[in-house]
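Scroll down for the structure; my scribbles are underneath it.
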Amino acid sequence: MSKENVGDRIRKLREEREISREQLAERTGLAPEFIARMEDSGDVPSLGPLLKVARGLGVRLGTFLDDQVSRDPLIVRLEERQAGLNMHKDHGGPLALRFFPLGLGKTDRHMEPFFIQVLPDPAQENPLSAHEGEEFIVVASGEIELRYGQEVQRLKAGDSVYYNSAVPHHVGAVGPESAEIYAVLYIPE
């Protein structure tokens, strides 16, 4: 995978399409300053804004992560797994999620599979996010809390959940320990 970060790829795609930051802001409903911080830092606060940017640029979410090689079947060995995306609670805030993409190299995919380290966050208030599509999660280790609309569910290793991601939701680690999950996102074109 190239050394380009997500912000670099967003900027490159935006410039290739001759779209200004202000025009992308209009298309996404995000502030131009927010887009500038995303491009300059490469950090993404949550999937919601990243999906809006993908839609605004007319690309799928995986475009920000791909190495542009299509392999079938795609096998990702544990020892070859690489972190591809870090999401912060807020720009400059604590790291919340460390994504390891499991679909890199399969550019014709319709799902986005990830191994995710869910890092503990002492803050009590975590904003809910919503985006088109569906999510399927299997807890590999630790314990997570899923806030889904008005519901709160706790899941432990071996538990799974499948939900409509258009409903506002948040996934976080329970307590001071991190958790690990496998997640598959389906985002309609």
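Within the range 130-149, the set of residues being closer than 23 Å to ALA54 by Cβ and not aromatic (Phe, Trp, Tyr) comprises ALA130, HIS131, GLU132, GLY133, GLU134, GLU135, ILE137. Does LEU104 satisfy the condition of being crowded, with 19+ Cβ neighbours inside 10 Å and outside any strand (DSSP E or B)? Considered against the rule, which asks whether it is crowded, with 19+ Cβ neighbours inside 10 Å and outside any strand (DSSP E or B), LEU104 comes out as yes.
For the residues GLY42, GLY92, the requirement of being of a type outside the set (Lys, Arg), open to solvent by 60 Å² or more (accessible area, probe 1.4 Å), closer than 27 Å to HIS169 by Cβ and at pLDDT below 80 singles out GLY92.
With in contact with a helix residue (DSSP H, G or I) (Cβ under 9 Å, 6 or more places away or on another chain) and at pLDDT 90 or above as the only criterion, which of LEU146, LEU155, LEU185 stands out? Spell out how you get there, then give the answer.
Values: LEU146 fails: in contact with a helix residue (DSSP H, G or I) (Cβ under 9 Å, 6 or more places away or on another chain); LEU155 fails: in contact with a helix residue (DSSP H, G or I) (Cβ under 9 Å, 6 or more places away or on another chain).
Just a single option satisfies the conditions, and that option is LEU185.
For VAL152, the criteria (1) open to solvent by less than 20 Å² (accessible area, probe 1.4 Å); (2) among the hydrophobic types (A, V, I, L, M, F, W, C); (3) more than 27 Å from ALA54 (Cα to Cα) hold in every case but one, which is (1). Counting the residues of the range 121-137 that are open to solvent by 50 Å² or more (accessible area, probe 1.4 Å) and closer than 18 Å to ARG98 by Cβ gives 1.
Residues PRO127, PRO113, PRO120: which one is modelled with pLDDT of 85 or more and assigned to a loop (DSSP other than H, G, I, E, B)?
PRO120
With respect to VAL171, determine if the residue is open to solvent by less than 60 Å² (accessible area, probe 1.4 Å), within 27 Å of ALA54 (Cβ to Cβ), modelled with pLDDT of 95 or more and not charged (D, E, K, R). So VAL171 fails the test.
What residue, among those in the range 1-15 that are among the hydrophobic types (A, V, I, L, M, F, W, C) and at pLDDT 85 or above, is surrounded by the most Cβ atoms within 10 Å (Cβ to Cβ)?
Applying the first criterion (among the hydrophobic types (A, V, I, L, M, F, W, C)) to the range 1-15 yields 1, 6, 10, 13.
Narrowing further to those that are at pLDDT 85 or above: 10, 13.
Details: ILE10: 25, LEU13: 19.
Looking at residues that are among the hydrophobic types (A, V, I, L, M, F, W, C) and at pLDDT 85 or above, I get ILE10.
Condition test on ARG98, is it open to solvent by 60 Å² or more (accessible area, probe 1.4 Å), within 12 Å of the chain's Cα centre (by Cα) and modelled with pLDDT of 85 or more? Judged against the criteria, ARG98 is a match.
The values are calculated or read from the model by the stated rules, or taken from the named source; none is laboratory data. Predicted model, so just to flag it, every value in this text is computed and none were measured. No Cβ is skipped: glycine too gets one built from the backbone with ideal geometry, and neighbour counts run over all protein chains shown. Surface areas here come from the heavy atoms of the whole protein model, side chains and all, with no ligands, DNA or RNA. Shrake-Rupley method; radii C 1.70, N 1.55, O 1.52, S 1.80 Å.
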